[in-house]
Amino acid sequence: MSVRYGISAVSTEQFLSLPAKLPLSLKAVEFTGDVFGSTQALQKLRLLNKNGTLLCGRDFIAPDLAALIPEENCKLRSELELHFYERCAKAAEYGVKRFSVAFDLFQAAAKEEYREKLSRFLRRCAGVIHPFDQTMCLVCRVPGGGIFDGWEKILQFRRELLCPRIELLLELHPHEPNAPESINQALQTFRLNDFCRRICYDASVGNILTPGALKRCSETRAKGLDPDMLIFLNPGSSKYDSKSLGELDMLVKNFLPSEDKESECR
């Protein structure tokens, strides 16, 4: 299995704070759809792409809207589908092949009517992304808030879509209560069914991603059977600087297998 690490930007401002050339251990950047509204950010996208950084999107539909889509009227859903198409088309211009949207998967696991409406909308989305050869990842937050043990239901929902271009992205929050147990349960359930993860923590309030937490969020599957894995680090909403990027670079370098470290030498 090949594991690649990247960095996530939750706003255009945070994205613009990234250098055009990332540390060698960070192979990818995840950016929000709002980036397409900034000329300066588009220039940064071009530079990152030129420098070989893998570009991925997140929140191509705003999370508050994504959670409401199944309950909204047909006119609003049609407007959102058009907006979604425009973002996918723009992303394709910059070589973006993967992006995520945070629909309410917990509602989908609990309520049949909501699940059916969301399924219909997602199948229409699959038709949108197919011409662009893109993959949409459904964000599954872990822990799920409160007591939640319905990971199997979410996995079943994903399978019943019968859409190979729709996958799961596990958004892991290792500092929350009961996180170790929830993360272990979720990773075991989604074994061989998740190809992308996001590790979230708020560095501005003192949360630190330790090597142990990174290992727990990265290693779960048997050798020889695993597809490639892409893991984004999301240390909050503060701007990136050389110090914060250097710390992430050192953490990832120390965690990578020796053969991956050697491949970074130029």
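The values are calculated or read from the model by the stated rules, or taken from the named source; none is laboratory data. Everything numeric in this text was worked out from a predicted model, so none of it was measured. Here Cβ is always computed from backbone atoms with ideal geometry, including for glycine, and neighbour counts include all displayed protein chains. Keep in mind that these areas ignore ligands, DNA and RNA; they rest on the heavy atoms of the full protein, side chains included. Shrake-Rupley method; radii C 1.70, N 1.55, O 1.52, S 1.80 Å.
Filter the range 52-76 for residues that are more than 16 Å from F31 (Cα to Cα) and part of a loop (DSSP other than H, G, I, E, B) and give the result. Show your work before the answer.
The first filter runs over the range 52-76 and keeps only residues more than 16 Å from F31 (Cα to Cα), leaving 64-76.
Across the range 52-76, the qualifying residues are E72, N73.
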Has the range 83-98 got at least one residue that is modelled with pLDDT under 95 and either crowded, with 18+ Cβ neighbours inside 10 Å or closer than 27 Å to Y201 by Cα (or both)?
-> yes
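Considering L47, L24, which residue is within 22 Å of C200 (Cα to Cα), surrounded by fewer than 20 Cβ atoms within 10 Å (Cβ to Cβ) and of a type in the set (A, V, I, L, M)?
Numbers: L47 fails: within 22 Å of C200 (Cα to Cα).
Step by step, each of L47, L24 is checked, and only L24 is within 22 Å of C200 (Cα to Cα), surrounded by fewer than 20 Cβ atoms within 10 Å (Cβ to Cβ) and of a type in the set (A, V, I, L, M).
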Just give me the residues in the range 77-101 being of a type outside the set (S, T, N, Q) and not in a helix (DSSP H, G or I), in sequence order.
-> Y94, G95, V96, K97, R98, F99, V101
G33: closer than 24 Å to R198 by Cα, touching a residue at least 24 places away in the same chain (Cβ under 8 Å), open to solvent by less than 10 Å² (accessible area, probe 1.4 Å) and touching a strand residue (DSSP E or B) at 6+ places or on another chain (Cβ under 7 Å), yes or no?
-> yes
Which condition does K111 not pass, out of (1) modelled with pLDDT under 95; (2) under 22 Å from A179 (Cα atoms); (3) of a type outside the set (S, T, Y), if it passes all the others?
-> (2)
Can you tell me which of N207, N184 is closer than 27 Å to D249 by Cα and not in a loop (DSSP other than H, G, I, E, B)?
-> N184
So which residues in the range 102-154 are over 18 Å from C74 (Cβ atoms), assigned to a helix (DSSP H, G or I) and open to solvent by less than 10 Å² (accessible area, probe 1.4 Å)?
-> L105, A108, I129, W151, I154
